[in-house]
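Asker: Input: one structure, supplied below.
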Amino acid sequence: MSCCLLALLLGTFLGVSAQTIHQWPPVRVRLVGSLLSLECIVKGESNPYLYWYRQAEGGPPQLLFYSLNIHQVDPEAPRNFTASRPQDGQFILSSQKLLLSDSGFYLCAWSLTLSPAR
C-alpha cells in the first residue's frame, strides 16, 4: 500500500499587551489516514472568542469552527474535522482520518467580539 505525506503548517501569533495565543505543535507532518490533534491556548484574556481557520495552497483562509463560550463550538466548514473547547482559553481541532486534501496552513485566532467577516 502506498502512503502519502500530509504537511500541516500552523500559525502562532502574539496578541497585544499581556495576551498571548499559542498553537501546539507549531509544525506537523502526518501520513494520510492518520489522526491529528492541534491545540490552541489563549492566555491573559477571559472568555475570548476563538476561531480555527484553514488556508489551502493558493487560496484564502477558510473558517472551520468558532467558539463563543466553553463547551460551545459552531462549525462553519468542518469537512472531516471536529473541534472542542474544554476550557476557557483552550480550543482543540481534531481529525480521526486525514485526507491529502486536508494539507494546508491551520491558524487559530481570537477576538473579544464576534468577527463580522466570518
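The values are calculated or read from the model by the stated rules, or taken from the named source; none is laboratory data. Keep in mind the model is a prediction, meaning the values are calculated, not measured. Positions of Cβ are generated from backbone atoms using ideal geometry, with glycine treated the same way; all protein chains shown enter the neighbour counts.
Asker: Please state which one of Pro61, Pro48 is farther than 17 Å from Leu98 by Cβ, modelled with pLDDT of 90 or more and over 13 Å from the mean Cα position of the chain (by Cα).
Answerer: Numbers: Pro61 fails: over 13 Å from the mean Cα position of the chain (by Cα).
When all the criteria are applied, what remains is Pro48.
Asker: Which is touching a Pro at 6+ places or on another chain (Cβ under 6 Å) and of a type in the set (S, T, N, Q), of Gln62, Gln23, Gln55? Full working, then the answer.
Answerer: Details: Gln62 fails: touching a Pro at 6+ places or on another chain (Cβ under 6 Å); Gln23 fails: touching a Pro at 6+ places or on another chain (Cβ under 6 Å).
It is Gln55.
Asker: So is Leu68 under 24 Å from Leu31 (Cα atoms) and either modelled with pLDDT under 95 or surrounded by 14 or more Cβ atoms within 10 Å (Cβ to Cβ) (or both) or not?
Answerer: Details: under 24 Å from Leu31 (Cα atoms): no; either modelled with pLDDT under 95 or surrounded by 14 or more Cβ atoms within 10 Å (Cβ to Cβ) (or both): yes.
So Leu68 does not fit the description; no.
Asker: Turning to a different aspect of this structure: If you check every pair at least six apart or on different chains, which have Cβ atoms under 6 Å apart with a residue in the stretch 73-88 that is at pLDDT 90 or above first and a residue that is of a type in the set (Ser, Thr, Tyr) and exposed (fewer than 15 other Cβ atoms within 10 Å of the Cβ) second?
Answerer: Thr82/Ser94
Asker: Just to verify a result, which residue in the stretch 89-110, among those that are closer than 22 Å to Asn47 by Cα and among the hydrophobic types (A, V, I, L, M, F, W, C), is surrounded by the most Cβ atoms within 10 Å (Cβ to Cβ)?
Answerer: Phe91
Asker: State yes or no: is Phe91 at pLDDT below 95, within 11 Å of the chain's Cα centre (by Cα) and of a type outside the set (Asp, Glu)? Reasoning before the result, please.
Answerer: Numbers: at pLDDT below 95: no; within 11 Å of the chain's Cα centre (by Cα): yes; of a type outside the set (Asp, Glu): yes.
So Phe91 does not fit the description; no.
Asker: Moving to a separate point now. For the stretch 13-29, give me the residue count where each residue is more than 14 Å from Leu112 (Cβ to Cβ) and either in a strand (DSSP E or B) or at pLDDT 85 or above (or both).
Answerer: 8
Asker: Go through (1) under 18 Å from Gln23 (Cα atoms); (2) of a type outside the set (Gly, Ala, Ser); (3) surrounded by 13 or more Cβ atoms within 10 Å (Cβ to Cβ) for Pro86 and report which single condition fails.
Answerer: All conditions pass for Pro86, except number (3).
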